[in-house]
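Student: Just dropping this structure here.
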Amino acid sequence: MNMKNLLTIIALIPCLASAEVEEGFTPLTNGKDLTGWKKVGGNGEYKMENGEIVGIGRKVNANTFLISEKTYANFDFRFEMKFDTLKGNSGMMFRGLQKESNDGNGRVYGYQCEHDNGMARAWTAGLYDEARRGWLFPDKKDKEQCAAFTKQGQEVFKPEDWNEIRILCEGNHVQIFINGEKRVDFTDTSEKDATAKGFFGMQVHAGGQTDVRWKNLRIKELP
(Lines give C-alpha, C1' and ligand atoms only; values in the text may rest on other atoms or scores of the structure.)
Protein backbone atom coordinates (compact mmCIF):
# COMPACT_ATOMS: atom_id res chain seq x y z
CA MET A 1 0.00 0.00 0.00
CA ASN A 2 1.43 3.38 -0.97
CA MET A 3 1.52 6.39 1.38
CA LYS A 4 -1.28 8.22 -0.45
CA ASN A 5 -3.75 5.36 0.04
CA LEU A 6 -2.73 4.95 3.68
CA LEU A 7 -3.35 8.65 4.39
CA THR A 8 -6.78 8.40 2.72
CA ILE A 9 -7.78 5.48 4.97
CA ILE A 10 -6.57 7.30 8.09
CA ALA A 11 -8.57 10.37 7.10
CA LEU A 12 -11.73 8.26 6.77
CA ILE A 13 -11.49 6.65 10.22
CA PRO A 14 -13.29 9.50 12.12
CA CYS A 15 -16.05 9.53 9.49
CA LEU A 16 -16.54 5.79 9.75
CA ALA A 17 -16.67 5.96 13.56
CA SER A 18 -19.24 8.76 13.39
CA ALA A 19 -21.37 6.83 10.91
CA GLU A 20 -21.33 3.81 13.23
CA VAL A 21 -22.47 5.86 16.22
CA GLU A 22 -25.34 7.40 14.21
CA GLU A 23 -26.44 4.20 12.49
CA GLY A 24 -30.20 3.77 12.65
CA PHE A 25 -30.98 7.40 13.53
CA THR A 26 -33.58 9.44 11.64
CA PRO A 27 -33.70 13.28 11.51
CA LEU A 28 -36.84 14.85 13.03
CA THR A 29 -36.69 18.01 10.90
CA ASN A 30 -36.06 18.64 7.21
CA GLY A 31 -33.68 21.53 7.95
CA LYS A 32 -35.69 23.90 5.75
CA ASP A 33 -38.97 24.63 7.53
CA LEU A 34 -41.18 23.44 10.40
CA THR A 35 -43.06 20.77 8.45
CA GLY A 36 -44.15 18.00 10.85
CA TRP A 37 -44.35 20.38 13.81
CA LYS A 38 -47.03 22.74 15.14
CA LYS A 39 -47.11 25.57 17.66
CA VAL A 40 -49.47 25.41 20.65
CA GLY A 41 -49.87 27.40 23.86
CA GLY A 42 -48.98 31.07 24.16
CA ASN A 43 -47.58 33.80 21.92
CA GLY A 44 -43.97 32.64 21.73
CA GLU A 45 -42.62 32.13 18.21
CA TYR A 46 -40.55 29.57 16.32
CA LYS A 47 -38.70 29.65 13.02
CA MET A 48 -36.18 27.60 11.06
CA GLU A 49 -32.91 29.45 10.52
CA ASN A 50 -29.93 27.84 8.78
CA GLY A 51 -31.11 24.38 9.78
CA GLU A 52 -31.68 25.41 13.41
CA ILE A 53 -35.02 25.79 15.18
CA VAL A 54 -35.10 29.15 16.94
CA GLY A 55 -37.47 29.83 19.84
CA ILE A 56 -38.20 33.50 20.54
CA GLY A 57 -40.31 35.07 23.25
CA ARG A 58 -41.12 38.66 24.21
CA LYS A 59 -43.70 39.21 26.95
CA VAL A 60 -44.83 35.60 26.54
CA ASN A 61 -48.34 35.21 27.95
CA ALA A 62 -48.17 31.41 28.45
CA ASN A 63 -45.74 28.54 27.96
CA THR A 64 -45.48 27.99 24.21
CA PHE A 65 -44.49 24.72 22.56
CA LEU A 66 -43.50 23.55 19.11
CA ILE A 67 -44.67 19.94 19.17
CA SER A 68 -44.11 17.04 16.79
CA GLU A 69 -47.13 15.77 14.90
CA LYS A 70 -45.84 12.21 15.36
CA THR A 71 -45.67 10.43 18.72
CA TYR A 72 -42.97 8.09 20.02
CA ALA A 73 -42.70 5.41 22.71
CA ASN A 74 -39.23 3.88 23.26
CA PHE A 75 -36.29 5.71 21.76
CA ASP A 76 -32.78 7.09 21.83
CA PHE A 77 -33.31 10.81 21.10
CA ARG A 78 -30.41 13.19 20.54
CA PHE A 79 -30.18 16.91 19.84
CA GLU A 80 -28.13 20.02 20.50
CA MET A 81 -29.36 23.17 22.24
CA LYS A 82 -27.99 26.56 23.21
CA PHE A 83 -29.24 29.82 24.67
CA ASP A 84 -28.67 33.00 22.69
CA THR A 85 -29.36 34.92 25.89
CA LEU A 86 -29.79 33.66 29.46
CA LYS A 87 -32.93 35.71 30.05
CA GLY A 88 -35.57 32.99 29.76
CA ASN A 89 -36.18 29.35 30.64
CA SER A 90 -36.84 26.55 28.16
CA GLY A 91 -37.01 22.79 27.79
CA MET A 92 -37.65 19.80 25.55
CA MET A 93 -40.81 17.79 26.06
CA PHE A 94 -40.71 14.04 25.37
CA ARG A 95 -43.59 11.59 25.49
CA GLY A 96 -45.57 14.82 25.81
CA LEU A 97 -49.34 14.97 26.06
CA GLN A 98 -51.95 17.67 25.45
CA LYS A 99 -55.28 18.25 27.12
CA GLU A 100 -58.29 18.12 24.83
CA SER A 101 -59.75 21.44 23.73
CA ASN A 102 -62.16 22.67 21.08
CA ASP A 103 -59.49 24.80 19.39
CA GLY A 104 -56.65 22.24 19.54
CA ASN A 105 -54.68 24.53 21.85
CA GLY A 106 -55.01 22.51 25.06
CA ARG A 107 -52.36 22.64 27.79
CA VAL A 108 -49.20 20.62 27.12
CA TYR A 109 -48.08 18.39 29.99
CA GLY A 110 -45.73 15.52 30.78
CA TYR A 111 -42.01 14.78 30.78
CA GLN A 112 -39.62 17.61 30.04
CA CYS A 113 -35.84 17.79 29.80
CA GLU A 114 -35.12 21.10 31.53
CA HIS A 115 -33.10 23.86 29.82
CA ASP A 116 -32.10 26.00 32.82
CA ASN A 117 -30.97 29.54 32.01
CA GLY A 118 -29.68 30.11 35.56
CA MET A 119 -26.15 28.94 36.34
CA ALA A 120 -26.67 29.35 40.09
CA ARG A 121 -29.02 26.35 40.00
CA ALA A 122 -27.73 24.79 36.74
CA TRP A 123 -30.42 22.13 36.41
CA THR A 124 -30.24 21.75 32.62
CA ALA A 125 -30.97 18.13 31.62
CA GLY A 126 -32.97 17.58 34.80
CA LEU A 127 -36.32 15.78 34.57
CA TYR A 128 -39.43 17.92 35.10
CA ASP A 129 -43.08 16.86 34.83
CA GLU A 130 -44.68 19.84 33.08
CA ALA A 131 -48.12 20.91 34.39
CA ARG A 132 -48.40 17.76 36.50
CA ARG A 133 -46.00 16.58 39.26
CA GLY A 134 -43.18 19.10 38.98
CA TRP A 135 -39.58 17.98 39.54
CA LEU A 136 -38.93 14.25 39.26
CA PHE A 137 -35.13 14.42 39.27
CA PRO A 138 -33.54 15.92 41.20
CA ASP A 139 -36.01 15.52 44.04
CA LYS A 140 -36.45 18.99 45.58
CA LYS A 141 -36.99 17.38 48.99
CA ASP A 142 -33.52 15.81 48.85
CA LYS A 143 -31.17 18.75 49.55
CA GLU A 144 -28.01 16.66 49.16
CA GLN A 145 -29.14 15.34 45.78
CA CYS A 146 -30.04 18.84 44.61
CA ALA A 147 -26.66 20.25 45.68
CA ALA A 148 -24.80 17.48 43.84
CA PHE A 149 -26.95 17.99 40.75
CA THR A 150 -26.19 21.73 40.76
CA LYS A 151 -22.46 21.10 41.14
CA GLN A 152 -22.44 18.69 38.21
CA GLY A 153 -24.53 21.06 36.09
CA GLN A 154 -22.16 23.95 36.70
CA GLU A 155 -19.32 21.75 35.49
CA VAL A 156 -20.87 20.16 32.37
CA PHE A 157 -23.37 22.72 30.98
CA LYS A 158 -22.00 25.27 28.51
CA PRO A 159 -24.08 28.46 28.92
CA GLU A 160 -22.66 30.19 25.83
CA ASP A 161 -22.23 27.25 23.48
CA TRP A 162 -24.02 24.23 22.03
CA ASN A 163 -24.82 21.35 24.39
CA GLU A 164 -25.36 17.78 23.19
CA ILE A 165 -28.33 16.17 24.95
CA ARG A 166 -29.43 12.54 24.82
CA ILE A 167 -32.75 11.21 26.15
CA LEU A 168 -33.08 7.43 26.41
CA CYS A 169 -36.54 6.01 27.14
CA GLU A 170 -37.22 2.29 27.52
CA GLY A 171 -40.49 1.38 29.20
CA ASN A 172 -40.77 3.42 32.40
CA HIS A 173 -36.98 3.91 32.60
CA VAL A 174 -35.78 7.41 31.63
CA GLN A 175 -32.14 8.48 31.30
CA ILE A 176 -30.85 11.92 30.29
CA PHE A 177 -27.28 12.82 29.36
CA ILE A 178 -25.60 16.14 28.58
CA ASN A 179 -22.25 16.47 26.86
CA GLY A 180 -21.55 12.81 27.56
CA GLU A 181 -22.38 12.95 31.30
CA LYS A 182 -25.40 11.15 32.77
CA ARG A 183 -27.72 13.56 34.58
CA VAL A 184 -30.87 11.51 35.16
CA ASP A 185 -31.54 7.83 35.80
CA PHE A 186 -35.19 7.62 36.80
CA THR A 187 -37.78 4.85 36.85
CA ASP A 188 -41.34 6.16 36.91
CA THR A 189 -43.36 3.89 39.21
CA SER A 190 -46.50 6.05 39.20
CA GLU A 191 -49.54 4.05 38.10
CA LYS A 192 -51.36 7.31 37.39
CA ASP A 193 -48.77 9.46 35.63
CA ALA A 194 -46.11 7.21 34.09
CA THR A 195 -46.35 7.97 30.36
CA ALA A 196 -45.52 5.40 27.69
CA LYS A 197 -45.89 7.43 24.50
CA GLY A 198 -46.21 11.00 23.30
CA PHE A 199 -44.77 13.84 21.23
CA PHE A 200 -41.59 15.88 21.41
CA GLY A 201 -41.94 19.60 22.07
CA MET A 202 -39.60 22.56 22.35
CA GLN A 203 -40.57 25.24 24.88
CA VAL A 204 -40.53 29.01 25.02
CA HIS A 205 -41.34 29.68 28.66
CA ALA A 206 -43.83 32.33 29.77
CA GLY A 207 -42.18 35.56 30.86
CA GLY A 208 -40.34 38.60 29.61
CA GLN A 209 -37.84 37.11 27.14
CA THR A 210 -36.54 33.81 25.80
CA ASP A 211 -33.93 33.23 23.09
CA VAL A 212 -33.05 29.57 22.53
CA ARG A 213 -32.25 27.28 19.63
CA TRP A 214 -31.99 23.58 18.78
CA LYS A 215 -30.38 21.60 15.98
CA ASN A 216 -29.56 18.05 14.84
CA LEU A 217 -32.73 16.51 16.26
CA ARG A 218 -32.52 12.79 15.51
CA ILE A 219 -34.03 9.60 16.85
CA LYS A 220 -33.54 5.87 16.90
CA GLU A 221 -36.80 4.13 17.80
CA LEU A 222 -36.38 1.13 20.10
CA PRO A 223 -38.56 -1.98 20.56
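Student: When the accessible area of the chain is split by element with a 1.4 Å probe, what percent falls to carbon and sulfur? Each step should come with its number before you reach the end.
Tutor: Details: 5760 of 11340 Å².
The nonpolar share, carbon plus sulfur, comes to 51 percent.
Student: Follow-up. Using a probe radius of 1.4 Å on heavy atoms only, what accessible surface per residue do you get for the chain? Whole Å² is fine. Intermediate results must be reported in sequence, preceding the final value.
Tutor: On the way: 11340 Å² over 223 residues.
Accessible area per residue: 51 Å².
Student: Can you tally the net charge around residue 158? Count Lys and Arg as +1, Asp and Glu as -1, for every other residue whose Cβ sits under 10 Å from the Cβ of residue 158. If you can, show how the numbers build up before the last one.
Tutor: Values: positive: 82; negative: 160, 161, 164.
Charge balance in the 10 Å sphere: -2.
Student: Another question, then. To the nearest µm²/s, what D does Stokes-Einstein give for segment 26-154 at 37 °C and 0.692 mPa s, using the Kirkwood radius over alpha carbon pairs as Rh?
Tutor: 205 µm²/s
Student: Calculate how steeply helix 3-21 sits against the longest principal axis of the alpha-carbon atoms of the chain, using the helix alpha-carbon long axis, and give the answer as 0 to 90 degrees to the nearest 10.
Tutor: So the inclination is approximately 20 degrees.
Student: Once the Cα atoms of the chain are picked out, what are the Rg and Dmax in Å?
Tutor: For the chain, the Cα radius of gyration and maximum Cα-Cα distance read 18.5, 70 Å.
The values are calculated or read from the model by the stated rules, or taken from the named source; none is laboratory data. The shown structure was predicted, so the numbers you read here are calculated from the model rather than taken from an experiment. Backbone-built Cβ (ideal geometry, glycine too); neighbour counts: all protein chains shown. In case anyone asks, the SASA skips ligands and DNA or RNA and just uses the protein heavy atoms, side chains included. Shrake-Rupley method; radii C 1.70, N 1.55, O 1.52, S 1.80 Å.
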